[in-house]
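J.: Got a structure for you, written out below as structure tokens; questions coming shortly.
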Amino acid sequence: MRQYDLAPLYRNTVGFDRLFSMLDQFGGVESAPSYPPYNIERTGENAYRISVAAAGFTEADLNIEVKENALSIKGERKAETGEKKADILYQGIAARSFERRFQLADHVHVTGASLENGLLHVDLVREIPEAKKPRRIEIGARAPRQTIEAKIAA
């Protein structure tokens, strides 16, 4: 895989530091965790959904936490006491613990989560405050200048 050095571009850009940091993070694809697989979908104009394949995990085994614009999803199977383990001849379904982190953009909030058919769905919505939304400025006629006349007493 090719490695790209983006350092020369840092000099010519102001305000895009976070973008280049994220590109550098994704450059090392070999070291990126691949378990569990996930999808990110856009479900509306300002709504998103992250679906994580969590086969074999129950709601009690999963933990979702949001802290400082970072979404963290952790899965850890609890050891079941009292049950005899079966002799597994082939294990194709991974049951190991995992932790996935997602960097959330500004004004993105988690609205809910659900576990359906082995998929954990985390719903997100982007709520931009009114002060940050673009607004249209009407162009009006300029008011005529008024001159002030004064008489000088001599």
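The values are calculated or read from the model by the stated rules, or taken from the named source; none is laboratory data. Everything numeric in this text was worked out from a predicted model, so none of it was measured. No Cβ is skipped: glycine too gets one built from the backbone with ideal geometry, and neighbour counts run over all protein chains shown.
J.: If you scan region 98-154, which residues turn out to be part of a loop (DSSP other than H, G, I, E, B) and either in contact with a helix residue (DSSP H, G or I) (Cβ under 9 Å, 6 or more places away or on another chain) or within 30 Å of K74 (Cβ to Cβ) (or both)?
T.: L104, A105, D106, H107, N117, G118, E127, I128
J.: To continue, here is another question. Among the residues of region 53-73 satisfying the criterion of being in contact (Cβ under 8 Å) with a residue 24 or more places away in the chain, in contact with a Gly (Cβ under 8 Å, 6 or more places away or on another chain) and of a type outside the set (F, W, Y), which is surrounded by the fewest Cβ atoms within 10 Å (Cβ to Cβ)?
T.: Taking the candidates together, the pick is A55.
J.: Would you check if K78 is modelled with pLDDT under 85, closer than 20 Å to P36 by Cβ and surrounded by fewer than 10 Cβ atoms within 10 Å (Cβ to Cβ)?
T.: Criteria met by K78.
J.: Please enumerate the residues belonging to region 120-143 that are modelled with pLDDT under 85 and hydrophobic (A, V, I, L, M, F, W, C).
T.: Within region 120-143, I128, A131, I137, A141, A143 qualify.
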